[in-house]
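**Q** Quick one: the structure is below, and I'll ask about it shortly.
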Amino acid sequence: MAGTQSILSDAKENFEKTAALLKDEVDGDLLLKIRLPKERIEMRLTPQLSDRKIHVFPAFVVRHSDALGPAKGGIRMTPEVSLDDVNGLAMEMTWKCALIGVPFGGGKSGIVADPYKLNQHDKETLVRSFARNAYRHIGPQVYVPAPDMGTDEADMGYIKDTISHSMGQATTQGCYVTGKPVILGGIPGRREATGHGVVICICQALKMLGMEIEGATAIVQGFGNVGEVAARALHELGARVMGVSDLFGAVYDPEGLDIPALSGHANRSGSVKGFSDGREMDGQELLEMPCDVLIPAAAGGQITAANASRIAAKVVAEGANSPTTPQADEILADRDVLVIPDILCNAGGVFVSYLEYAQETQQEQMAVARVEGRLRDRMIERFDQVWSLARERKGRMRDAAMILSVKTVCSALTARGYLP
Ligand code: GLU
């Protein structure tokens, strides 16, 4: 399982591997600028909740790099999130934004709380408390948050409202947060963007491997914003989604699950567990079932040295951030399992965040068909670039993606000049 340290140590290991691969191409001094984050902020939120008591929640904001533009990245709310995790995730955002070609640097926030244990009112209070306390670290030219694990569209609306009111205004000028409700300046298709981006990558990968999406078998870990949307899209494309898991359990049916019915069940009961069609299974066991495509779309550190040799998928599409440890990555590569790396595979979310940012800055409105078309074009373009470089170097897609990202960030640093 993912330890609190592993996200950061995995991110550092991936970076050092890339730095070694680029030692003849990139000035080592420049790498000093991006090896560590620019800014790591630790805060204490102390809201009074509905029990009339003061509660203390640690919170973090990390800006890893702003070479390409304002730091971008979501707010993670889990009981375990640490400053180091947020640091590792901010670093990954730097590479993701560079790879998908949006003018943003990498950032991330964390709030140490269990969103499932807070009632709706208390969660809103906590999110508003974060917005008030982190206010001076947030802004269209500084850091622009978005949803991540444990936060959603409604929370982004509260953040926009809190900041607007702190300014004594009805609204904000420019984009302070993405992934908001459409009525508050959000963009249609943002919620689905990450899951759709994952599926676009899967279609490209299968095409490259000479396989069809129709009839391909898939297993999805996680049934939230990413997993549920991806499972639904795969089902609509005629793929056979055989297994789905969430925090509470897993269901498996080799004939394929009825995904719309499973979504209905999960919406009503809060979990995929107990779905009448399909048999219950342990979530870890599900990861090892044979399939064409495995989509880890939940927590980090799920495919490790302990289970990588038993992963029986042809393609691993990383919907989550850092689901595969560097050791597991080596094992999968040796076994010819194609891994579509997170910084490419789940970059659809931040790409559509960029469209939201641009729309709000220009006071424009974009229709969903346009959003989906642009997402599709960009995902395919970047997938093909990473695929070609990986072929050329006879290496893994992760190394190719990291090389492209780190070189892009270094080009921006060079263009800015070496002074402070
Ligand atoms: N939290 C998402 C990610 O990890 C989205 C970030 C964003 O849109 O800023 O990519």
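**Q** For the stretch 309-362, give me the residue count where each residue is of a type outside the set (Asp, Glu) and more than 26 Å from Asp148 (Cα to Cα).
**A** Number satisfying all stated conditions: 11.
**Q** Further question: Answer with yes or no whether Glu124 is surrounded by 23 or more Cβ atoms within 10 Å (Cβ to Cβ), at pLDDT 95 or above, of a type in the set (Asp, Glu) and assigned to a helix (DSSP H, G or I).
**A** In short, no.
**Q** Pairs needed: first member in the stretch 256-275, of a type in the set (Lys, Arg); second member anywhere, assigned to a loop (DSSP other than H, G, I, E, B); C-beta distance under 8 Å; at least 6 residues apart or different chains.
**A** From the stretch 256-275, the pairs are Lys273/Phe248.
**Q** Let me ask something else about it. From the set of residues in the stretch 218-245 that are under 17 Å from the mean Cα position of the chain (by Cα) and in a strand (DSSP E or B), which is surrounded by the fewest Cβ atoms within 10 Å (Cβ to Cβ)?
**A** Selected residue: Gln221.
**Q** A further question on this structure: Which residue is least open to solvent (accessible area, probe 1.4 Å), if the candidates are limited to the stretch 405-420 and must be out of contact with any helix residue (DSSP H, G or I) (no Cβ under 6 Å at 6 or more places or on another chain) and assigned to a helix (DSSP H, G or I)?
**A** Ala412
**Q** So if I check each of Asp114, Asp29, which one is open to solvent by 10 Å² or more (accessible area, probe 1.4 Å), acidic (Asp, Glu) and outside any loop (DSSP other than H, G, I, E, B)?
**A** One residue alone meets the criteria, Asp29.
**Q** Counting only residues that are in contact with a helix residue (DSSP H, G or I) (Cβ under 7 Å, 6 or more places away or on another chain) and open to solvent by 60 Å² or more (accessible area, probe 1.4 Å), which one in the stretch 129-150 is farthest from the ligand (Cβ to nearest atom)?
**A** Arg132
**Q** Just one of Arg378, Arg396 is surrounded by 14 or more Cβ atoms within 10 Å (Cβ to Cβ) and within 16 Å of the ligand (Cβ to nearest atom); which is it?
**A** Arg378
**Q** If Asp384 meets every condition in (1) of a type outside the set (Lys, Arg); (2) within 13 Å of the ligand (Cβ to nearest atom); (3) out of contact with any strand residue (DSSP E or B) (no Cβ under 6 Å at 6 or more places or on another chain) apart from one, which number is that one?
**A** (2)
**Q** While we're on this one: Residues of the stretch 360-375 being more than 21 Å from the chain's Cα centre (by Cα) and within 14 Å of the ligand (Cβ to nearest atom), which ones?
**A** Of everything in the stretch 360-375, just one residue is more than 21 Å from the chain's Cα centre (by Cα) and within 14 Å of the ligand (Cβ to nearest atom), namely Glu360.
**Q** Something else: Any idea which residue in the stretch 45-54 is most open to solvent (accessible area, probe 1.4 Å), counting only those that are over 12 Å from Lys123 (Cα atoms) and over 25 Å from the mean Cα position of the chain (by Cα)?
**A** Of everything passing the filter in the stretch 45-54, Arg52 is most open to solvent (accessible area, probe 1.4 Å).
**Q** Is it fair to say His196 is open to solvent by 40 Å² or more (accessible area, probe 1.4 Å), in contact with a Gly (Cβ under 8 Å, 6 or more places away or on another chain) and not hydroxyl-bearing (Ser, Thr, Tyr)?
**A** The answer is yes for His196.
**Q** If a residue must be within 14 Å of the ligand (Cβ to nearest atom) and open to solvent by 30 Å² or more (accessible area, probe 1.4 Å), how many such residues does the stretch 151-189 contain?
**A** Matching residues across the stretch 151-189 total 3.
**Q** Given (1) open to solvent by less than 10 Å² (accessible area, probe 1.4 Å); (2) within 10 Å of the ligand (Cβ to nearest atom), identify the lone condition not met by Pro341.
**A** (2)
**Q** Would you kindly identify the strands (runs of 3 or more DSSP E) lying entirely within the stretch 253-369 that contain at least 2 residues that are under 29 Å from Gly106 (Cβ atoms) and of a type in the set (A, V, I, L, M)?
**A** 291-296, 313-317, 338-340
**Q** If you don't mind, there's one more thing I want to ask. Of everything in the stretch 64-86, what is surrounded by fewer than 22 Cβ atoms within 10 Å (Cβ to Cβ) and either within 10 Å of the ligand (Cβ to nearest atom) or assigned to a helix (DSSP H, G or I) (or both)? Give them in sequence order.
**A** Residues satisfying the conditions are Leu83, Asp84.
The values are calculated or read from the model by the stated rules, or taken from the named source; none is laboratory data. All values derive from a computational prediction rather than experimental measurement. A quick note on method: Cβ atoms are made from the backbone with ideal geometry, for glycine too, and the neighbour counts reach across all protein chains shown. Accessible surface areas use protein heavy atoms only, side chains included; no ligands, DNA or RNA. Shrake-Rupley method; radii C 1.70, N 1.55, O 1.52, S 1.80 Å.
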